[in-house]
Amino acid sequence: MSDHNDPQITSDWGDWLPRTIEAAEPDGVALWYLGCNGFVLKGSDETSVWIDPYVGLGDPPRTVRMIPVPFDPHDVYDADAVLATHEHTDHTHGPSQAPILANTGAPFYAADDSLAVTDDEGWTEHWDVEADQLHEIEEGDSFSVGGFDIDVVRVNDADATHPVGYVIQYGDTTVFHGGDTKPHDGFAEVGERYDVDLAVVAFGSVGRVPDKETREPQRTRWYSDENQAVEIAEALRADRMLPSHWDMWKGLTADPTALHEHARGFDYPERLEIVEIGDRVDV
């Protein structure tokens with residue numbers, strides 16, 4: 001949600017995380033949490049899909065990053081696609097994503113307003129990114145990356161101008177990533193159509209964030225609260241829910257373990273996956 005383009009990115013962790021992902025040989029699908037709403041999915045065919053990787057520092061003092069920078073994107077040499085869910089800086093960000101595209105030649109999939117960011121930031125001018133790597137997608141589209149079949153679905157993020165979500169299938173495994181979505185009437189249909197094994201749901205508290213223009217503190221809700229997060233997972237009939245984004249911005253952080261009490265009275269999700277930045281989950 002921040003709006004600052006970091007001129008230089010320095011990882012707190014060196015290159016061990018991209019090297020770990022690169023060396024992994026999952027039996028089915030493995031997923032790594034990059035913090036914020038970033039993830040890497042890797043299949044047994046060694047195809048890796050990166051979603052919303054962001055290693056920027058935000059826009060202090062408006063948005064202050066609360067977690068380490070887990071990798072330098074110049075150290076990423078193993079990516080078969082990069083996906084963006086919407087146009088906000090912590091989801092579409094040249095310094096975080098363009099070096100990955102330049103290193104790997106991977107395609108970048110995003111909706112029109114996210115691609116507008118690539119124009120504004122000059123990805124093809126300032127990084128070694130080719131125009132034919134940038135692919136516009138919209139709700140209802142489908143595409144494949146190696147063994148991953150990816151459907152683009154409608155989501156509900158009123159703070160974004162054109163958000164999209166992804167249903168990602170790899171054999172019998174299905175992962176949903178909705179960006180920063182809140183509950184949406186269409187998720188029940190998604191739950192009926194797909195057998196969702198894992199739903200990534202952006203979760204956070206309500207806080208006071210300085211307005212972008214006036215810098216006056218404003219009551220801000222960017223992510224689903226406990227009840228909304230469970231409502232999304234229930235509509236999707238997700239076996240597991242993985243809360244994301246709760247770790248990122250000062251004043252909007254939350255306790256993901258609180259979701260246990262909210263989820264226990266519902267059939268879905270059957271299980272919560274509580275992870276920290278850098279953790280791996282086998283789906």
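Points worth noting:
- Per-region count, region 53-64, residues touching a Ser or Thr at 6+ places or on another chain (Cβ under 6 Å) and part of a strand (DSSP E or B): 3
- Flag for residue 208 being in contact with a Pro (Cβ under 7 Å, 6 or more places away or on another chain) and not in a helix (DSSP H, G or I): yes
- Contact annotation: residue pairs with Cβ atoms under 6 Å, 6 or more positions apart or on different chains, pairing a residue in region 229-247 that is closer than 17 Å to residue 172 by Cα with a partner that is surrounded by fewer than 24 Cβ atoms within 10 Å (Cβ to Cβ) and small (Gly, Ala, Ser), are 236/191; 237/191.
- Residue that is surrounded by the most Cβ atoms within 10 Å (Cβ to Cβ) [pool: residues in region 209-219 that are touching an Asp or Glu at 6+ places or on another chain (Cβ under 9 Å) and touching a residue at least 12 places away in the same chain (Cβ under 8 Å)]: 210
- Candidates 90, 172, 75: the one that is under 19 Å from residue 49 (Cα atoms) and under 15 Å from the mean Cα position of the chain (by Cα) is 90.
- Filtered residues of region 214-260 (kept if over 16 Å from residue 90 (Cβ atoms), touching a Gly at 6+ places or on another chain (Cβ under 8 Å) and among the β-branched types (Val, Ile, Thr)): 232
- Condition check for residue 180: under 13 Å from the mean Cα position of the chain (by Cα), modelled with pLDDT of 95 or more and in a loop (DSSP other than H, G, I, E, B): yes
Let's see how each residue does on (1) in contact (Cβ under 8 Å) with a residue 24 or more places away in the chain; (2) surrounded by fewer than 22 Cβ atoms within 10 Å (Cβ to Cβ):
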| residue | (1), (2) |
| --- | --- |
| 181 | yes, no |
| 199 | yes, no |
| 207 | yes, yes |
| 251 | yes, yes |
| 257 | no, yes |
| 263 | yes, yes |
| 278 | yes, yes |
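- For residue 22, the conditions (1) of a type outside the set (Val, Ile, Thr); (2) surrounded by fewer than 24 Cβ atoms within 10 Å (Cβ to Cβ); (3) without any contact (Cβ under 8 Å) to a residue 24 or more places away in the chain are fulfilled apart from (3).
- For beta carbons closer than 7 Å, sequence separation of 6+ or different chains, a first residue in region 33-59 that is on the phi > 0 side of the Ramachandran plot and touching a residue at least 60 places away in the same chain (Cβ under 8 Å) and a second that is among the β-branched types (Val, Ile, Thr) and buried (at least 22 other Cβ atoms within 10 Å of the Cβ), the qualifying pairs are 52/85.
- The one condition in (1) crowded, with 24+ Cβ neighbours inside 10 Å; (2) more than 25 Å from residue 273 (Cβ to Cβ); (3) among the charged types (D, E, K, R) that residue 42 fails to fulfil: (2)
The values are calculated or read from the model by the stated rules, or taken from the named source; none is laboratory data. Remember, predicted model here, so these are calculated numbers, not experimental data. Cβ sites come from the backbone with ideal geometry, for glycine too, and all protein chains shown count toward neighbours.
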